[in-house]
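First the structure, in the form of structure tokens, and then the observations on it.
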Amino acid sequence: MNVFADDQFTPTKWSTAEEKASFANDLLAFIMSGFPKTKFTQKLYQRLSNCFSHIAEYDRDNFYAVWFSSAEARHSFLRNLSNAPAWRSHLDVRRRRARRAAEGRRVGPRAEP
């Protein structure tokens, strides 16, 4: 199920509207399904590692271990995602996600107690 459509995004010289919608849908699906490693694809890792200030983790396995291996790590990821400065080409992805949250729609699984 795709939540985001191409026409909701502005193409730039770095990303087409289609690429942005695909990234937003892939990221949302990953979050909503509880951050399973099977959905953390190389494509999602490469895109995510280049935005939202995630540049220190040097490969997909390390990125997953740092950000998704525990409830505390996932909570930190979501908090950082919400607060991260976005490059202009990814700004509309953040705006769409923030709008969904403001409308009271859940954007990720509830943190474990």
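The values are calculated or read from the model by the stated rules, or taken from the named source; none is laboratory data. The model shown is predicted, which means the values in this text are computed figures rather than measured ones. Cβ atoms come from the backbone with ideal geometry, glycine included; neighbour counts cover every protein chain shown.
Tabulated data for the structure shown
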{"quantity": "Filter result for A65 (assigned to a helix (DSSP H, G or I), closer than 23 Å to E18 by Cα and at pLDDT below 95)", "calculated": "no"}
{"quantity": "Whichever residue in the range 32-71 is closer than 25 Å to M1 by Cβ and of a type in the set (V, I, T) and, among such residues, is surrounded by the fewest Cβ atoms within 10 Å (Cβ to Cβ)", "calculated": "T38"}
{"quantity": "Odd one out for G34 among (1) part of a loop (DSSP other than H, G, I, E, B); (2) modelled with pLDDT under 90", "calculated": "(2)"}
{"quantity": "Candidates A111, A86 - the one that is touching a helix residue (DSSP H, G or I) at 6+ places or on another chain (Cβ under 7 Å), surrounded by 15 or more Cβ atoms within 10 Å (Cβ to Cβ), modelled with pLDDT under 75 and small (G, A, S)", "calculated": "A86"}
{"quantity": "Search result, residues across the range 5-31 that are part of a helix (DSSP H, G or I) and basic (K, R)", "calculated": "K20"}
{"quantity": "Residue list for the range 1-31, restricted to those being touching a Phe, Trp or Tyr at 6+ places or on another chain (Cβ under 7 Å), of a type outside the set (A, V, I, L, M, F, W, C) and surrounded by fewer than 19 Cβ atoms within 10 Å (Cβ to Cβ)", "calculated": "N25"}
